[in-house]
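**Student:** What follows is a single structure, and I will ask about it in a moment.
The values are calculated or read from the model by the stated rules, or taken from the named source; none is laboratory data. All figures in this text were calculated on a predicted structure; none of them were measured in a lab. In this analysis, Cβ positions are derived from the backbone assuming ideal geometry, glycine residues included, and neighbour counts consider all displayed protein chains.
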């Protein structure tokens with residue numbers, strides 16, 4: 001990664017980002033290439049009348065990938081009694097749809113946080129391969145690298161990126177795009193003692209995004 005942070009610096013970066021954009025439903029930052037990284041649960045979300053905690057680890061990951069690779073970036077920044085990943089219609093999804101229609105993005109990595117109780121470290125949601133079928137070698141390369149680097153990775157469990165999600169719903173509407181839901185255990189992304197491991201994971205993801213952005217072949 002070109003941009004390096006220590007744990008406290010990254011924490012402060014995220015706090016500053018949320019504070020600066022707290023009046024906006026969400027924010028999109030234009031980048032280069034055709035990759036969009038997404039963090040739809042960066043703030044409290046409301047699902048079926050119940051509040052769910054923000055997934056700050058997912059925001060840290062997506063934000064740092066964006067800053068390191070200059071890919072496109074979108075994040076939820078205000079709770080409007082909604083859940084952009086669960087709700088069938090949302091302003092957040094509409095922004096991404098416009099980007100797809102404008103031919104700005106073809107690849108979406110949608111980041112989420114896993115509970116510390118989960119046994120896996122990374123969960124890749126492919127909707128049982130439906131969301132990545134436009135480029136299966138790309139998916140296999142990511143899965144292979146994660147496992148090679150020692151991350152306990154599970155596919156489509158506990159979350160599969162199904163049709164209600166950002167990843168699943170947009171793939172259904174736009175069959176030509178490639179989407180994946182990336183869930184990271186909060187024992188990695190949310191605690192200081194695992195910060196080195198979190199950075200290692202982010203570097204893997206940055207390298208993956210950079211290869212897509214520069215159209216390099218991934219074997």
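**Student:** Tell me whether the range 178-188 contains one or more residues that are surrounded by fewer than 16 Cβ atoms within 10 Å (Cβ to Cβ), at pLDDT 95 or above and outside any helix (DSSP H, G or I).
**Tutor:** no
**Student:** Please pick out the residue among 8, 12 that is touching a helix residue (DSSP H, G or I) at 6+ places or on another chain (Cβ under 9 Å), without any contact (Cβ under 8 Å) to a residue 40 or more places away in the chain and in a helix (DSSP H, G or I).
**Tutor:** Step by step, each of 8, 12 is checked, and only 8 is touching a helix residue (DSSP H, G or I) at 6+ places or on another chain (Cβ under 9 Å), without any contact (Cβ under 8 Å) to a residue 40 or more places away in the chain and in a helix (DSSP H, G or I).
**Student:** Are any residues in the range 62-102 outside any loop (DSSP other than H, G, I, E, B), out of contact with any strand residue (DSSP E or B) (no Cβ under 6 Å at 6 or more places or on another chain) and surrounded by fewer than 24 Cβ atoms within 10 Å (Cβ to Cβ), and if so, which ones?
**Tutor:** 63, 67, 68, 91, 93, 94, 97, 98, 99, 100, 101
**Student:** Given the condition closer than 14 Å to residue 122 by Cα and either crowded, with 18+ Cβ neighbours inside 10 Å or at pLDDT below 95 (or both), answer yes or no: does some residue in the range 167-175 qualify?
**Tutor:** Taking every residue of the range 167-175 in turn, none turns out to be closer than 14 Å to residue 122 by Cα and either crowded, with 18+ Cβ neighbours inside 10 Å or at pLDDT below 95 (or both).
**Student:** Moving on. Would you pick out the residues in the range 165-192 that are more than 16 Å from the chain's Cα centre (by Cα) and farther than 16 Å from residue 55 by Cα?
**Tutor:** Within the range 165-192, 172, 173, 174, 175, 176 meet the criteria.
**Student:** Can you name the condition, by its number, that residue 159 falls short on among (1) in contact (Cβ under 8 Å) with a residue 24 or more places away in the chain; (2) in a helix (DSSP H, G or I)?
**Tutor:** So residue 159 meets the others, but not (2).
**Student:** What residue, of 124, 114, is within 20 Å of residue 186 (Cα to Cα) and in contact (Cβ under 8 Å) with a residue 60 or more places away in the chain?
**Tutor:** Exactly one of 124, 114 is within 20 Å of residue 186 (Cα to Cα) and in contact (Cβ under 8 Å) with a residue 60 or more places away in the chain, namely 114.
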